[in-house]
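Q: Below are the structure tokens for one structure; questions will follow.
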Amino acid sequence: MEHDRKRTRAWVLHPDIKSEQSRREPAAALEEAVSLAVALPDLDVIGNDVVRLPKAQPGYLFGSGKIEELAQRLKAEDVELVLIDGPVSPVQQRNLEKAWKVKILDRTGLILEIFSDRARTREGVLQVEMAALSYQRTRLVRAWTHLERQRGGLGFVGGPGETQIEADRRAIDEQLVRLRRQLEKVVKTRTLHRAARAKIPYPIVALVGYTNAGKSTLFNRLTGADVMAKDMLFATLDPTMRRVQLPDGPEVILSDTVGFISDLPTELVAAFRATLEEVLAADVILHVRDISHAETQTQAEDVEAILSSLGVDENRPMIEVWNKLDQLGEEEADARRDRAARDDALHAISALTGEGLSDLLETIAQLLQGKRFEEDLDLTFAQGKQRAWLFEQDVVQSEEQTDNGFALTVLWTDKQKARFKKL
């Protein structure tokens, strides 16, 4: 019980503003916002609502009637924190906190909280700190212009309010410069690691997808690694890499990346670019989709938009992985399987049960090395260098010694055959 008392009682509101057309269904958006809130361990989400508005009110966001109605409800439920799924200006935040006597957090603030709770690597931590500072800085600047207007030329220029905010802004700017330098060092080290990896002949396979699509579960299933895989938004924030031996194929490095999300606050897009840079180095991209989600199509479009904004080459081999077949009814799951069976760039799987994974791995292997075929070769004893190369390439299936040398059966690609002929 002791632990329960420490958890903050939270309420989630999704403003459905008529004048701002959103592609997302209000109910689905609210559900995602609740999942975001649940991802914070010290929050106890006790209720949620979609609040329909003709337009956002500049001072309070909501109209006075709605504010009064919500005030009574929040008080009755003993709510301490209200999470508003959307942008809230500093003025609106201050006014609502006064009216409801609760703490207010908007979507950006909430995502920042989750990011700081999840970041593990040095780079992740630095990026979150920078994003949080940029966010605070905009709050200061906006609050400051608001004060300027209020003062209205009463000769307060250089007064205490302005000086304090100027000092705060300067402190934030200095901290940002310091963090940026540290981050540059970390990114440089990462670039060196990446250059070192480029020398290793392991191709990189990157998992990307909307947050909660099941990337980490798939990663764990394929690598036997124990990356945190909970049914939670943003469970992974740091790219995690493991080596995987593909059956009848090369060894690859599998990279699990941070989950994408729609309307990702701008402060965070910049901060997490470097985390996604692994994707730019990938030889094959696996776009993992939660095919059981009501908004799977919209989520896929969000992911594709972010990939293209990162500058991912359109010709980069990409496989769309329809995950969570186990969450669908039998008829719908069969329809998805049939659809995927007709398209090489589509795979229907369940990372949880393991269904469809061997076919997926086979496709990855083929993409990385072309189709492989079997061939018999006869080598003389003098061709020791060629024989060693074949073993290095790991293409030899069997070998027998003959009177003149060796009879080998190899499983290789046209590319390997062409390189062998040049030896």
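Q: Please work out the Kirkwood hydrodynamic radius for segment 1-54, using every pair of different C-alpha atoms, and report it in angstroms with one decimal place.
A: Working: mean 1/r = 0.0814 Å⁻¹.
Mean inverse Cα-Cα distance, inverted, gives 12.3 Å.
Q: Further question on the same structure: Separation between the T409 and E97 pseudo-spin-labels, each 7 Å from Cα along Cα→Cβ, expressed in nm?
A: 7.4 nm
Q: If you rank L286, L325, L379 by fewest surrounding Cβ atoms within 10 Å, what's the result?
A: Numbers: L286 26, L325 23, L379 17.
By the 10 Å Cβ count, ascending: L379, L325, L286.
Q: Please give me the summed charge of the neighbours of D359: other residues whose Cβ is under 11 Å from its Cβ, Lys and Arg +1, Asp and Glu -1. Don't skip to the answer; put the middle values down first.
A: Values: positive: R337; negative: D344, E355, E362.
Overall, the nearby charge balance is -2.
Q: Can you pull the one-decimal nm distance between simple spin-label points at R23 and Q182, each 7 Å off the Cα toward Cβ?
A: Inter-label distance under the simple model: 3.6 nm.
Q: For K66, list the lysines whose Cα falls under 17 Å from its own Cα; do not include residues on the same chain fewer than 8 positions away.
A: K18, K55, K75, K98, K101
Q: Given an 8 Å cut-off on Cα distances and at least 6 residues of separation, report the relative contact order of segment 373-422 as a percent.
A: Numbers: 61 pairs, mean separation 23.1, N = 50.
Once divided by the residue count of segment 373-422, the mean separation gives 46 percent.
Q: Work out the FRET efficiency for A341 and E400 from their Cβ-Cβ distance, taking R0 = 30 Å, and round it to the nearest 0.05. Could the numbers behind the result be given before it?
A: Details: r = 40 Å, r/R0 = 1.32.
Calculated value: 0.15.
Q: Lysines near K188 by alpha-carbon distance under 20 Å, same-chain residues fewer than 8 away left out - which ones?
A: Leaving aside lysines fewer than 8 places away in the same chain, those within reach of K188 are K199.
Q: Past the 22 Å Cα-Cα mark, which pairs from K385/K415; K185/K215; K103/K215; K385/K417?
A: On the way: K385/K415 18 Å; K185/K215 29 Å; K103/K215 34 Å; K385/K417 15 Å.
The answer is K185/K215; K103/K215.
Q: A further question follows. If you keep only loop residues by DSSP, which chymotrypsin sites (Phe, Trp or Tyr not before Pro) in segment 303-408 have at most 13 other Cβ atoms within 10 Å of their Cβ? Walk me through the numbers before you get to the answer.
A: Details: sites: W322, F373, F381, W389, F391, F406; in loops: F381.
Here the chymotrypsin sites (Phe, Trp or Tyr not before Pro) that fit, given the DSSP loop and packing criteria, are F381.
Q: Next up: Q175 to A388: extension gain in nm, 0.36 nm per residue of separation minus the Cα-Cα distance?
A: Working: separation 213, 0.36 × 213 = 76.68 nm, distance 5.61 nm.
Going from the current span to full extension adds 71.1 nm.
Q: By how many nm would the segment from E304 to E375 grow when fully extended, if each residue of separation counts as 0.36 nm and the alpha-carbon distance is taken off? The partial results should precede the final answer.
A: Working: separation 71, 0.36 × 71 = 25.56 nm, distance 4.06 nm.
Taking E304 through E375 to full extension adds about 21.5 nm, to one decimal.
Read-outs throughout are calculated quantities, based only on the coordinates presented, and are distinct from any laboratory measurement. These numbers come from a predicted model, not from an experiment. In this analysis, Cβ positions are derived from the backbone assuming ideal geometry, glycine residues included, and neighbour counts consider all displayed protein chains.
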